[in-house]
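Contents: one structure, followed by commentary.
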Amino acid sequence: MSDDLNDDQYEVVIVRYGTRESTRSDVFLNYQVYAAQDAPITLDYFIWVVRGRERTFIIDTGFSEQGGRTRGRTMLIDPVDILRALDIDPLGHNDVIVTHGHYDHIGNLYALPNSRLLISPKEFDFWTSDMAGKEHFRHLSDAGEIDQLRTALAEGRLRFVEDGHQPAPGITVMEIGGHTPGQLAVTVQTPNGPVLLASDAVHFYEELDRDMPFIAVCDLPQMYDGYARIRHLLASRPHHLVTGHDASTLQRFPRLPGPLQEHAAVIGRTHPNTSEGQS
């Protein structure tokens, strides 16, 4: 990380930790209505780290080894090892923004037992309710991982945040329902312009460009409204858009130097040739 950042600027590290092959009809809702032929599609899985001069934020913690294995996902790098490679101590008092409660976004919270978690109250209330046990939702979560949220609340490590909250200067959360009731996206100011970490408010760039909802949906009108809100944001002030699962993501941004280079990109690094672990 560069020391040239202002107090309200950060670099954004994007790390692919997993992948899987699927079909378009398996990832886009009611794909048959588009009168298009089915075709293969790759989903990549990411965690994000936002690093400034004074604060670091982890955004989501990926799926666990067991959670990925039982669902047929390929883990490329253990997310906990990713944190260590970025000089983040999993046992430290870290700040973690939980964008939503799906298994591939909270799967390793157990490995960060001292971290402070930021989550939408709508998201927490939903996943700790009886509705979360309905089959349509249950297969996307893990009861033990949801219990990690309850534990964090009981220990005073969980903080509720809503739309527009700024956990630090230069970072703002957006609450965009649809995929889940309290899905969060995060805007981050960098020396190279603002970044919108959409997480699963937008899984694929095509999803936003063509108004094609993802198959996992909690509220379809809210999902469409979320797309419209993001398009308006990008039109009013261009952002670097980082989606939740698009396999083209790492080709869109400069690679992160160092041992994670094959699986990581960075936005906002003012000295792009600097190796990881050096200033």
With respect to Thr42, determine if the residue is out of contact with any helix residue (DSSP H, G or I) (no Cβ under 6 Å at 6 or more places or on another chain), open to solvent by 10 Å² or more (accessible area, probe 1.4 Å) and farther than 26 Å from Asp87 by Cβ. yes
Within the stretch 81-111, tally of residues that are open to solvent by 20 Å² or more (accessible area, probe 1.4 Å), more than 15 Å from Phe46 (Cα to Cα) and either of a type outside the set (A, V, I, L, M) or modelled with pLDDT under 95 (or both): 6
Kindly indicate whether any position in the stretch 10-19 is in contact (Cβ under 8 Å) with a residue 24 or more places away in the chain, in contact with a Gly (Cβ under 8 Å, 6 or more places away or on another chain), open to solvent by 40 Å² or more (accessible area, probe 1.4 Å) and not in a helix (DSSP H, G or I). no
Every residue from the stretch 87-133 that is closer than 18 Å to Ala168 by Cβ and not hydroxyl-bearing (Ser, Thr, Tyr): Ile88, Gly92, His93, Asn94, Asp95, Val96, Ile97, Val98, Arg116, Leu117, Leu118, Ile119
If a residue has to be out of contact with any strand residue (DSSP E or B) (no Cβ under 6 Å at 6 or more places or on another chain), closer than 14 Å to Ile58 by Cα and free of Cβ contacts under 8 Å to residues at least 60 places away in the same chain to count, how many in the stretch 114-154 make the cut? 1
All but one of (1) of a type in the set (D, E, K, R); (2) in contact (Cβ under 8 Å) with a residue 40 or more places away in the chain; (3) in contact with a Phe, Trp or Tyr (Cβ under 9 Å, 6 or more places away or on another chain) hold for Arg71, so report the exception by its number. (2)
Please go through the stretch 202-236 and give me each residue that is among the aliphatic types (A, V, I, L, M), touching a residue at least 60 places away in the same chain (Cβ under 8 Å), open to solvent by less than 60 Å² (accessible area, probe 1.4 Å) and in contact with a helix residue (DSSP H, G or I) (Cβ under 8 Å, 6 or more places away or on another chain), ordered by number. Met212, Val217
Taking the stretch 162-191 and keeping only residues that are among the aliphatic types (A, V, I, L, M) and farther than 22 Å from Tyr227 by Cβ, one is left with Ala168, Ile171
Just one listed residue, out of Gly164, Gly177, is open to solvent by 10 Å² or more (accessible area, probe 1.4 Å) and at positive phi, and it is Gly164
Any residue in the stretch 180-199 that is closer than 12 Å to Ile59 by Cβ and at pLDDT below 95 sitting within a Cβ distance under 8 Å of a residue that is open to solvent by less than 10 Å² (accessible area, probe 1.4 Å) and in a strand (DSSP E or B)? List the pairs, counting only those 6 or more apart or interchain. none
What's the number of the only condition in (1) surrounded by fewer than 20 Cβ atoms within 10 Å (Cβ to Cβ); (2) not in a strand (DSSP E or B) that Phe63 fails to meet? (1)
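The values are calculated or read from the model by the stated rules, or taken from the named source; none is laboratory data. Please read these numbers as outputs of a predicted model, since none were measured by experiment. Virtual Cβ from ideal backbone geometry, glycine too; neighbours counted across all protein chains shown. Remember, those area values only see protein heavy atoms, side chains included, never the ligands or the DNA or RNA. Shrake-Rupley method; radii C 1.70, N 1.55, O 1.52, S 1.80 Å.
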